[in-house]
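The values are calculated or read from the model by the stated rules, or taken from the named source; none is laboratory data. Being a predicted model, the structure only gives us computed values, none of them experimental. Please note: Cβ atoms are built from the backbone with ideal geometry, for glycine as well, and neighbour counts cover all protein chains shown.
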Amino acid sequence: METPTKNKVSMFDMLRMSNRFESSFEEPPADTESVEKHEPIWDNFDFKTADELLTRDWFVDEDSIRYIIYYANQEAWDFIYANRSKYSRRIREIIEPHDYQVSPEKLRIKVRSVSDKEWNDVLRAKQRKVDDKFEVDWTKYSESVPDRPLREIDSLLDDAWDRLCKTKDKLTKYLASRPKAYIPPSMRGKKEPEDPKQTAIENEIRSMENEYDKIQKLVEEIDSAYWETQKNDYRKKWVPSLSS
């Protein structure tokens, strides 16, 4: 690429540099982008001075960069433009903005229509990803959530369990204490006659088991409702991480 010619004619030479503090200040052309107006240290920068300043890149704003570039003499400008790749990006963008513009010929964009089904699949996949992330975070958070406060139903469940255990123990002790009856050979292999007391205790156990199951189901429903409430409260304040 050919070096663009600067807007102003170079006025400085080696003799000028030897007497730089006495030189007059040249105003930029009217159509040049405005920069901060102040008296320069000297009117023009040679390529060595301009190169050192741009390489250090100690500028606090872009106007200072433009000041160095504008007041570089033609030799310095030619050097800066030809070697602009050595400077920081913000300086290169000022020297040649077109370096960072992609030509339309190099752009390859494929455009096709998306069906409703495909779009819905994309949305569902995105939602599944969010839901999975929430479940992971909720599992970690739930470890710090206290258990549900005990209620009267919990006491009823404990009482039902105690009664059931005592009744089963009662049946075990009765069977162990019951004397073995003699079974004549003609009755052997046939169904033994029922023991009324044993039958009564077994019926009592079945009734208690049904009672315990009903209470336990109620407790499980209360537990589920409690944790669902805690989960919903956490969802309201949950924010997925940016890396998700």
Checked segment 87-103 for anything at pLDDT below 90 and either in contact with a Pro (Cβ under 9 Å, 6 or more places away or on another chain) or not in a helix (DSSP H, G or I) (or both); matches are GLU96, GLN101, VAL102, SER103
For ASP116, which of the numbered conditions (1) closer than 30 Å to SER64 by Cα; (2) without any contact (Cβ under 8 Å) to a residue 40 or more places away in the chain fails to hold? (1)
Answer with yes or no whether LEU54 is out of contact with any Leu (no Cβ under 7 Å at 6 or more places or on another chain) and modelled with pLDDT under 75. no
If I go through segment 60-73 residue by residue, how many of them are farther than 13 Å from ILE95 by Cβ and in contact (Cβ under 8 Å) with a residue 12 or more places away in the chain? 5
Could you give every pair whose Cβ atoms fall below 8 Å, whose first residue belongs to segment 192-208 and is outside any helix (DSSP H, G or I), and whose second residue is of a type outside the set (Ser, Thr, Tyr) and loosely packed, with under 13 Cβ neighbours inside 10 Å, counting only separations of at least 6 or pairs across chains? GLU192/ILE183; ASP195/ARG178
Output for Cβ contacts, cut-off 9 Å, separation at least six or different chains, first residue over 14 Å from ILE68 (Cα atoms) in segment 84-98, second polar (S, T, N, Q) and assigned to a helix (DSSP H, G or I), reads LYS86/THR55; SER88/THR55
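Criterion first (of a type outside the set (S, T, N, Q), farther than 23 Å from SER224 by Cβ, loosely packed, with under 10 Cβ neighbours inside 10 Å and outside the structural domain of ASN232 (by TED's automatic domain parsing)) does ASP121 satisfy it?
Working: of a type outside the set (S, T, N, Q): yes; farther than 23 Å from SER224 by Cβ: yes; loosely packed, with under 10 Cβ neighbours inside 10 Å: no; outside the structural domain of ASN232 (by TED's automatic domain parsing): yes.
It is false that ASP121 is of a type outside the set (S, T, N, Q), farther than 23 Å from SER224 by Cβ, loosely packed, with under 10 Cβ neighbours inside 10 Å and outside the structural domain of ASN232 (by TED's automatic domain parsing).
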Is it the case that segment 73-83 has a residue that's modelled with pLDDT under 90, part of a helix (DSSP H, G or I) and surrounded by fewer than 10 Cβ atoms within 10 Å (Cβ to Cβ)? no
